[in-house]
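One structure is given here, and the rest of the page talks about it.
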Amino acid sequence: MGARIFWSIEAISDRTEVIALRDHYEGLLKAEIVKAMDHGILRPEDPGMVMRLLLSWLNYMPRWHKPRGRLSAEEVADEFLRLSLQGLRATRD
């Protein structure tokens with residue numbers, strides 16, 4: 001469920017369950033980020049901020065992604081991750 005839809009629905013009958021599911025999945029992602037930092041795959045940063053960065057990019061994808069467009073949803077996610085993990089700054093020798 002996209003972030004915008006999630007917060008715009010005021011009368012969700014099982015809102016507590018939905019929030020618990022959201023927290024669970026965010027916790028899984030954050031744990032994987034921490035694990036990657038512990039193994040030296042990612043540099044040490046605030047895991048919560050990294051998680052929110054990744055989720056923010058992906059949560060807005062349904063607003064603009066076209067299923068029959070140039071890239072599939074999986075390819076867009078891969079590109080977002082590549083940009084997030086490798087950064088945008090040009091390397092200098």
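In a solvent-free Debye calculation with one equal scatterer on each Cα, what is log10 I(q)/I(0) for the range 13-86 at q = 0.11, 0.14, 0.24, 0.28 Å⁻¹, listed in the order of the q values?
Treating every Cα as an identical point scatterer, log10 I(q)/I(0) equals -0.36, -0.56, -1.12, -1.24.
What do you get for GluC sites (Glu not before Pro) in the range 11-82 restricted to DSSP loop and a cutoff of at most 15 other Cβ within 10 Å of the site's Cβ? Numbers along the way, then the final one.
Details: sites: GLU17, GLU26, GLU32, GLU45, GLU74, GLU75, GLU79; in loops: GLU45.
Counting only loop positions with at most 15 other Cβ atoms within 10 Å, the GluC sites (Glu not before Pro) in the range 11-82 are GLU45.
Under 20 Å from a label point 7 Å along Cα→Cβ of ARG22: give me every residue in the range 49-93 with its amide N that close.
49-64
How about the range 35-85: which chymotrypsin sites (Phe, Trp or Tyr not before Pro) there are in a DSSP loop, with at most 14 other Cβ atoms within 10 Å of their Cβ?
Filter output for the range 35-85: TYR60.
Can you compute the label reach from ASP14? Point 7 Å from Cα along the Cβ direction, backbone N cut-off under 20 Å, restricted to the range 30-64.
So the set is empty, nothing qualifies.
Taken together, the values in this text are just the output of simple stated rules run on the coordinates, not laboratory data. Nothing here was measured: the structure is a model prediction, and the numbers come from that model. All Cβ positions, even for glycine, are placed from backbone atoms using ideal geometry, and neighbour counts span all protein chains on display.
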